[in-house]
Each structure stands twice: as C-alpha cells, then as structure tokens.
Amino acid sequence: MTRLIARAAALAIATFIVLGPLASLAVWSLAERWTAPSPWPQRFGLKYWNRMLSADFLEPLRLGVVIALVVTALALVLAIPLGYALARLSFPGRAVVLLAFLMPQAFPQLPVFASATREFYRWGLAGTVSGVVLVHLVGGLVFAVWTMTAVFRAIASELEEAAWNLGASTTRTFLSIALPLAAPGVAASALLVFLYSLDEFTGTLLIGAPFVTTLPVYMYTASQGYELQIASVTALVLMLPGAVLLLALDRFLKSEYLVFFGQL
Amino acid sequence: MWRLYLRDVFYTLGVAATGATLTFAVAIPVCGWLRARAFGPVEFLLKVPLFVPFVVVGHALRVFLSPWAPGLAGSWTGIALALAWKHLGLAALLLLGAFRAVDESHLEAARNFGAGTARLTKDVLVPMSAPSLAVSAVLIFSSMLASFSIPLMMGRGGGAQMLMIDVYYRFGQHGDFETAAALGVVGYLMAMGAALVYLKRLTPREAAVTQLKRRSLE
C-alpha cells in the first residue's frame, strides 16, 4: 500500500516537473488573451494555430525541410564510404579522423560558428542557404560518420570475404553485400541527421541571418517580439521531431550500433 | 574589457554550478529509487527532456515560469532551473546506466542489513559509481557553461550575462569579432578544464557514446 502511494506520488511529481513546462506551451498556444495578474488566460482560442497556415509560418518550415533534406543527402554520400573505410580498413591516422569528427562537438559551439560566419562573409556564403547547409553538414557529419562506422563494424566481414572468394569485385561486394545489410543503419543515420538539421538553431541564427529563417529562428524572432503565442505554437511543432526520435531511437539505435561507438 | 567581463565569467560559473547541483539533487535520489525498484513511467518521463531541443526548453521554461513568478525567467535562478530541466534527461541516462552496473548482490547485502532505498543510494550506489558520477557531473557542468540557446530564449535582463550571450552580442550586434573571439577562448579554457577530467576518466568508447547521446538533439 505504501509502495503504491510512493509510486503515485513519484509519478505525479515527475509528471508536473517534466510535463508542466511542455503543457504550458500548449496553454500559451491557445491563449488569445492573457494579461499580467491573471494566473490563467482570459480567453482561449485557435487563432494562433490558424496563423500556422499563413506564409510566414509555412515558409520557414518549408525552407527548414529543404535544408534538412539536402544536408541529409550530402552527409550520407560522404559518410557511407567514409564509415565503410573507417570500419574495414586500417590506415595511419584512422583514430585521428574519427576524433576530428568529434572535435566540433566537444567545445562550446558558438565561438566556432562566429568564426565560421566571419569566414563565410569573405566567401559570400553568409546569409545564404548554402552557408546554412554547410554549417549543418559539419554537425550532421558527426552523427553520420560515427553511426555509419558502427553500422559497418556490426556487419560480419566474413560475408564480404565470401563474395570476394566467389570472384565479386570490391565495388560489387560493397554494393550488393555490405550496403543492403547496412540499410537499417543508413535509415537511422539519415533520421538523426535530418532531425538534427531541422532543429538546429545556433548555427542557423549566426550564418543564416538575416535572410535564412528556419523554424527555430522564426520562433526566436517571435519570442523577441513578445509574440509568445506564435513562439509557443512553433515550439510545439519543433518538438515533433524529438518525439519521433524518442520512439525511433529505441527501435533502431539502442543496442547493437551504440555498442560499437568509439572503438577506435 | 576584462573588468567588464570578469563578472560574467563568475556569473556563468555560478549559474552552471547551481544548475548542475540542481540536476544531481533531483537525479541522484530518483535514479537510486528507480534502481532499487524499477518503475517504467517515471523513467520514461525523466528521459523526455533529452529529446526537447534547447531553444524549445528555453521558451517553455520562460512561459512556464513567467505567469507565476514574473521576472524569475530571465534571472540567474530561472536560467539555472531551465538548464537543470534540460540536463535531467542526460543525467538520468548516465546515472541509471552507472547504477544498473552495480551488482545486484551488493544491493541485496545492504537490504539484508535493513537499508532502505535512501541508504542504499547514499551508501552503496553513489560510492560504487563515483567515477561515472564525476564524469557525468563534469559533462553536464561544461555543457551548461557553453549554453547559449536557453539563456537567449529566457530573455536578457540587465546585469550579468552568460558568457556565450556576451560572445553573441559582441559579434552579432557590435561586429566586434576580436572581443568575441577572446571571450570564446575564455569559454574554451573553462571547458578544457572540465574536459581534462573527462578524458582522464573515460575510455574513448564511453566518451563517444555519451557525446552522441548528449548531442542527439541540440
């Protein structure tokens, strides 16, 4: 009995702490009128959700999806061969290559983005979509290279050796043995990169300003202008990818791939 | 210039220390309890913040706190609260992993001597997973030092600022790249101090796993 009460209490407290802030986003997104002293909105309505259908919301969404698709495609094109090489070949500096892909993540990111922006100004990339794609690619490649290396490591190399023994070329072995076996891993890697790019804020804010607006930047601008409802609607939309990842991570990524991470 | 920003350096250290303390003050007893008696729903809830983007956390905590406690959101307490909320997920992930690595026989021995969950956590789980705990603390502390989106979204009152906010305004508003870069280096040095401990304790493999989990949705 006491155990049941303890569990119920723990669940109630955890629900309040974790879901409270998220629920208040929902309340704010529905608040048509909420003036200061009142602890609760005076009028609820869907006015701000309807604004979602307007161009100033849909355009950042569309742009963000396009950027994320391009970033994902580029990251995979680079990471699949690189991951395969890192998993199968031993060449001098292999560990350095793997670590180099972690470096941008190990330190505060903002100063890196600031210097990148300065360089990008010189090359005419600041404030352009290509600039934002490039900066997302730096972060996206970290996920892609490390997952792809782990994925190829998880595939038994005996299968490829068998194909070679039967006379298949290296390319053919890769295309018809390794790549199909790696397909679920490729999907997981693509998902990670896509969602990372969709939610990326800091790099987009610095490199993209003032012309490239994706949803996180749109949300920041709205909240700076005290349009808290608009920002809350956007925040709820931005949480969707995370929810997808929360479910997908359990499915694809949890066990076998993560085990191989970082075996340099 | 240094006189101007020295205060912000200490402010940043203070906010990160408060945030990390808060995170662990919640995560240690809860994870100890979850280790002693598994309870899926609470464990699931604890991991939710891991999957909420930083910008969204900043805004959510701002709108959560402002109607009840106006002025709290932009203050150092508000920022520390938001940082603690976001890092609860990571702390839970790391602590549960460490606590679950403690062999069941130790727990049973302690229980036979009449230890309750609280004593089990304090006298068995925490001492036995001290190295992983230290590493998690360093990781979370340095991530809080480098935080940018959360303080930015919480609003910028007067007075002291987080270091990364200074970097942003120096560079973005004033175009003063040199000062921004210098402040960035200060940030690096602070992270480096933390990273030294981190590298000394962790094998590369563990390091990569935790890094990836940490960065999974920033």
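The values are calculated or read from the model by the stated rules, or taken from the named source; none is laboratory data. The shown structure was predicted, so the numbers you read here are calculated from the model rather than taken from an experiment. Reconstructed Cβ throughout: ideal geometry from the backbone, glycine too, with neighbour counts over all protein chains shown.
With the structure loaded, tell me whether residue A:177 is without any contact (Cβ under 8 Å) to a residue 40 or more places away in the chain and in contact with a helix residue (DSSP H, G or I) (Cβ under 7 Å, 6 or more places away or on another chain) or whether it fails that test. Spell out the reasoning first.
Numbers: without any contact (Cβ under 8 Å) to a residue 40 or more places away in the chain: yes; in contact with a helix residue (DSSP H, G or I) (Cβ under 7 Å, 6 or more places away or on another chain): yes.
Spelling it out, residue A:177 is indeed without any contact (Cβ under 8 Å) to a residue 40 or more places away in the chain and in contact with a helix residue (DSSP H, G or I) (Cβ under 7 Å, 6 or more places away or on another chain).
Contact list please: Cβ distance under 8 Å, first residue in the stretch A:39-68 and closer than 28 Å to residue B:67 by Cβ, second residue among the polar types (S, T, N, Q) and loosely packed, with under 14 Cβ neighbours inside 10 Å, pairs at least six apart or on different chains.
Between residues of the stretch A:39-68 that are closer than 28 Å to residue B:67 by Cβ and residues that are among the polar types (S, T, N, Q) and loosely packed, with under 14 Cβ neighbours inside 10 Å, the close pairs are A:42/A:35.
Can you confirm whether the stretch B:132-142 contains a residue that is within 9 Å of chain A (Cβ to nearest Cβ) and crowded, with 17+ Cβ neighbours inside 10 Å?
Step one: of the stretch B:132-142, the residues within 9 Å of chain A (Cβ to nearest Cβ) are B:142.
Checking the rest, the ones that are also crowded, with 17+ Cβ neighbours inside 10 Å come to B:142.
Yes, the stretch B:132-142 has at least one match.
Does the stretch A:157-164 contain any residue that is within 14 Å of another protein chain (Cβ to nearest Cβ), surrounded by fewer than 16 Cβ atoms within 10 Å (Cβ to Cβ), more than 22 Å from residue A:237 (Cα to Cα) and among the acidic types (Asp, Glu)?
To start, the set of residues in the stretch A:157-164 that are within 14 Å of another protein chain (Cβ to nearest Cβ) comprises none.
Taking every residue of the stretch A:157-164 in turn, none turns out to be within 14 Å of another protein chain (Cβ to nearest Cβ), surrounded by fewer than 16 Cβ atoms within 10 Å (Cβ to Cβ), more than 22 Å from residue A:237 (Cα to Cα) and among the acidic types (Asp, Glu).
Restricting attention to the stretch B:34-46, and to residues there that are buried (at least 19 other Cβ atoms within 10 Å of the Cβ) and under 14 Å from residue B:93 (Cα atoms), which single residue is farthest from the other protein chains (Cβ to nearest Cβ)? Break it down into steps so the answer makes sense when it comes.
Taking the stretch B:34-46 and keeping what is buried (at least 19 other Cβ atoms within 10 Å of the Cβ), we get B:34-36, B:42, B:45-46.
Within this subset, residues satisfying the condition of being under 14 Å from residue B:93 (Cα atoms) are B:34-35, B:42, B:45-46.
Working: B:34: 9, B:35: 13, B:42: 5, B:45: 5, B:46: 7 Å.
Checked the stretch B:34-46; the qualifying residue farthest from the other protein chains (Cβ to nearest Cβ) is B:35.
Counting only residues that are of a type in the set (A, V, I, L, M, F, W, C) and within 9 Å of chain B (Cβ to nearest Cβ), which one in the stretch A:1-12 is farthest from the chain's Cα centre (by Cα)?
A:6
If you take the residues in the stretch B:166-198 that are within 7 Å of another protein chain (Cβ to nearest Cβ) and surrounded by 22 or more Cβ atoms within 10 Å (Cβ to Cβ), which one is nearest to residue B:141 (Cα to Cα)?
The qualifying residue nearest to residue B:141 (Cα to Cα) is B:187.
For the stretch B:100-120, how many residues are over 10 Å from residue B:36 (Cα atoms) and in contact (Cβ under 8 Å) with a residue 40 or more places away in the chain?
1
Return the only residue of A:112, A:97, A:71 being within 15 Å of the chain's Cα centre (by Cα) and not small (Gly, Ala, Ser). Walk me through it before giving the result.
On the way: A:112 fails: within 15 Å of the chain's Cα centre (by Cα); A:97 fails: within 15 Å of the chain's Cα centre (by Cα).
Checking each option against the conditions leaves just A:71.
Can you find a residue that is closer than 24 Å to residue A:216 by Cβ, free of Cβ contacts under 8 Å to residues at least 12 places away in the same chain, crowded, with 22+ Cβ neighbours inside 10 Å and facing another protein chain (nearest Cβ under 8 Å) anywhere in the stretch B:62-73?
Yes: the stretch B:62-73 contains one or more residues that are closer than 24 Å to residue A:216 by Cβ, free of Cβ contacts under 8 Å to residues at least 12 places away in the same chain, crowded, with 22+ Cβ neighbours inside 10 Å and facing another protein chain (nearest Cβ under 8 Å).
Looking only at the stretch B:199-213, decide whether some residue is part of a helix (DSSP H, G or I), within 7 Å of another protein chain (Cβ to nearest Cβ) and at pLDDT 80 or above.
Looking through the stretch B:199-213, none of the residues is part of a helix (DSSP H, G or I), within 7 Å of another protein chain (Cβ to nearest Cβ) and at pLDDT 80 or above.
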